[in-house]
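Peer 1: What follows is a single structure, and I will ask about it in a moment.
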Amino acid sequence: MNRRTAAFFLVLLALVTTRSASAHHNMSAIFDFSDRVTLTGTVTKLEWVNPHIYLSIDARRTGDAVEPWSVEGPSPSYFRTHDIPKTDFEGAIGKSVTVEASRARDRSKSGLLRLVTLPGGKIISLCPQNC
């Protein structure tokens, strides 16, 4: 294979992988970054899976009423590379947390995780990743 053919295939590979990655990560199509919501409630479930983690939270929004919310965060590898262990989130199950999220455009009770305050006061900011 000559250099020209090899270069062509490398450029083609780069275009294909870049296009699929950017299509997957277009969070602004799903979440409204200007519509932020702050939730305080109990973590009921943690899904530590690729390509994104999910927290289920029973949030207290109006008086004593509880609303089930789902917030989506970056991939587990994001947390690994930022020295944030899974155990920090596992320890929050059944306990109260406060999260700031960008609300879903469809106004459902879901959002994109921006900031989380874990039990004990540890604050994890996901900006600029999710902002």
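No lab work stands behind these numbers, since they all come straight from the coordinates. Please read all numbers here as calculations on a predicted model, not as lab measurements. FYI the Cβ positions are ideal-geometry reconstructions off the backbone, even for glycines, and counts take in every protein chain you see.
Peer 1: Could you calculate the contour length gain from Y54 to R80, that is, 0.36 nm times the residue separation minus the distance between their Cα atoms, to one decimal place in nm?
Peer 2: Working: separation 26, 0.36 × 26 = 9.36 nm, distance 1.58 nm.
Full-extension gain reported as 7.8 nm.
Peer 1: What is the order of R36, R103, fewest Cβ neighbours within 10 Å to most? Please list the in-between numbers first.
Peer 2: Working: R36 15, R103 20.
Lowest to highest Cβ neighbour count: R36, R103.
Peer 1: Let me ask something else about it. Describe numerically, in nm with one decimal, the distance between label points set 7 Å from Cα along Cα→Cβ at S34 and at K95.
Peer 2: 3.7
Peer 1: Also, I was wondering about something else. Quick check: net charge around S56, other residues with Cβ under 14 Å of its Cβ, Lys/Arg +1 and Asp/Glu -1?
Peer 2: Details: positive: K45, K95, K109; negative: E47, D58, E67, E72, E90.
Here the count lands on -2.
Peer 1: Under 17 Å Cα to Cα from K122, which aspartates and glutamates show up? Leave out anything in the same chain fewer than 8 places away.
Peer 2: Qualifying aspartates and glutamates at Cα under 17 Å: D83, D88, E90, E100.
Peer 1: Once you have the Cα-Cα distance between T62 and T87, take 0.36 nm times their residue separation minus that, and quote the gain in nm to one decimal.
Peer 2: Numbers: separation 25, 0.36 × 25 = 9.00 nm, distance 3.03 nm.
Extending this stretch completely gives an extra 6.0 nm.
Peer 1: If one puts a single equal scatterer on every Cα of region 29-125 and applies the Debye formula without solvent, what log₁₀ I(q)/I(0) results at q = 0.12, 0.18, 0.20, 0.22 Å⁻¹?
Peer 2: The Debye formula, applied to the Cα set alone, gives -0.34, -0.78, -0.97, -1.17.
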